[in-house]
Amino acid sequence: NYLGFHQADYVKYVIEKFNLQDAKPKDTPLPPNLKLGRPDWCKDKELSDSVKREYQQLVGCISYMATWCWNILSYAASTLGRVLANPHPKHITLAKHVLLYCKKNPYMGIQYGPPQSLEHMSIEQKTLMGIQDRQWSHAINQIEIESDASFASESEYKSQTGFVMYFNGAPIHWSSTQQEITALSSSESEIMAGATSIRNALHMRDLCNELGFEQ
């Protein structure tokens with residue numbers, strides 16, 4: 001009663017493509033507290049040109065996986081893309097770090113299935129998870145969205161917006177992007193993140209309504 005998919009074959013392909021077969025897998029997609037932006041662009045034009053092609057290939061592979069079913073790579077794809085025009089050799093190491101995380105978890109993917117009963121969960125557990133009125137693990141044929149923002153966590157004090165849209169308990173749309181406007185407070189960054197997630201949900205709501213799944 002489940003439908004799932006992963007990209008294990010593609011992970012194997014990129015690991016071999018960039019000669020990472022003997023490299024040690026990583027526990028996280030990127031090192032913690034990493035910030036990349038214009039100040040990190042490579043100033044050496046000749047050096048940048050020599051590594052640009054490989055780096056762009058690496059980020060292209062990461063973005064491809066992040067788009068299809070590795071939503072956990074969305075932040076990495078967004079961050080590494082900020083130095084795509086003028087990468088430094090150290091950025092190649094960071095991009096390979098992401099692939100080595102994929103190497104450790106090649107079968108990570110998305111699974112769709114029927115809701116599970118929550119009868120075994122206590123009221124305290126449901127309240128903690130914000131699902132105190134729910135009898136099942138996920139809503140049936142209804143869009144659900146989770147959004148968040150990390151205030152001033154990126155280069156030049158920009159905040160990061162992230163959201164995941166769920167349908168029948170599994171993600172169907174996700175994004176992680178740097179906010180264009182510099183938020184002056186954590187509340188402002190949260191409001192912008194919420195507005196971004198709702199804006200992306202409007203077309204999905206209309207599509208579901210056309211398919212007969214009234215929202």
Exercise. Quick check: anything in the range 100-120 more than 22 Å from the chain's Cα centre (by Cα) and either of a type in the set (A, V, I, L, M) or at pLDDT 90 or above (or both)?
Worked result: yes
Exercise. Name the residues in the range 134-160 that are part of a loop (DSSP other than H, G, I, E, B), open to solvent by 40 Å² or more (accessible area, probe 1.4 Å) and over 30 Å from L36 (Cα atoms), would you?
Worked result: R134, Q135, S137, I140, N141, Q142
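Okay, residues lined up against (1) part of a helix (DSSP H, G or I); (2) among the charged types (D, E, K, R); (3) open to solvent by less than 50 Å² (accessible area, probe 1.4 Å):
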| site | (1), (2), (3) |
| --- | --- |
| T67 | yes, no, no |
| A85 | no, no, yes |
| H91 | yes, no, yes |
| Y107 | no, no, no |
| P115 | no, no, yes |
| I131 | no, no, yes |
For this session: Take the range 161-175 and flag every residue that is farther than 24 Å from G212 by Cβ and either part of a loop (DSSP other than H, G, I, E, B) or polar (S, T, N, Q) (or both).
Result: T161, S175
Seminar exercise, completed: From the option list F167, F213, single residue qualifying as modelled with pLDDT of 85 or more and open to solvent by less than 40 Å² (accessible area, probe 1.4 Å) is F167
Seminar exercise, completed: Those residues of the range 18-36 that are under 17 Å from L94 (Cβ atoms) and either open to solvent by 50 Å² or more (accessible area, probe 1.4 Å) or of a type in the set (S, T, N, Q) (or both) come to a total of 9
Seminar exercise, completed: Within the range 21-60, residues being in a loop (DSSP other than H, G, I, E, B), in contact with a helix residue (DSSP H, G or I) (Cβ under 6 Å, 6 or more places away or on another chain) and of a type in the set (D, E, K, R) number 2
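For the range 170-194, name all the residues that are farther than 19 Å from W70 by Cα and either crowded, with 19+ Cβ neighbours inside 10 Å or without any contact (Cβ under 8 Å) to a residue 24 or more places away in the chain (or both). Steps first, please.
At the first step, the residues of the range 170-194 found to be farther than 19 Å from W70 by Cα are 179-194.
If the condition is that a residue be farther than 19 Å from W70 by Cα and either crowded, with 19+ Cβ neighbours inside 10 Å or without any contact (Cβ under 8 Å) to a residue 24 or more places away in the chain (or both), then Q179, E180, I181, A183, L184, S187, E188, S189, I191, A193 are the ones that fit.
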Problem set entry | Any chance W136 is at pLDDT 90 or above and either more than 19 Å from T28 (Cβ to Cβ) or of a type in the set (S, T, Y) (or both) | no
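The values are calculated or read from the model by the stated rules, or taken from the named source; none is laboratory data. Please read all numbers here as calculations on a predicted model, not as lab measurements. Positions of Cβ are backbone-derived with ideal geometry, glycine not excepted, and every protein chain shown enters the neighbour counts. Heads up: the accessible areas ignore ligands, DNA and RNA and are worked out on the full protein's heavy atoms, side chains in. Shrake-Rupley method; radii C 1.70, N 1.55, O 1.52, S 1.80 Å.
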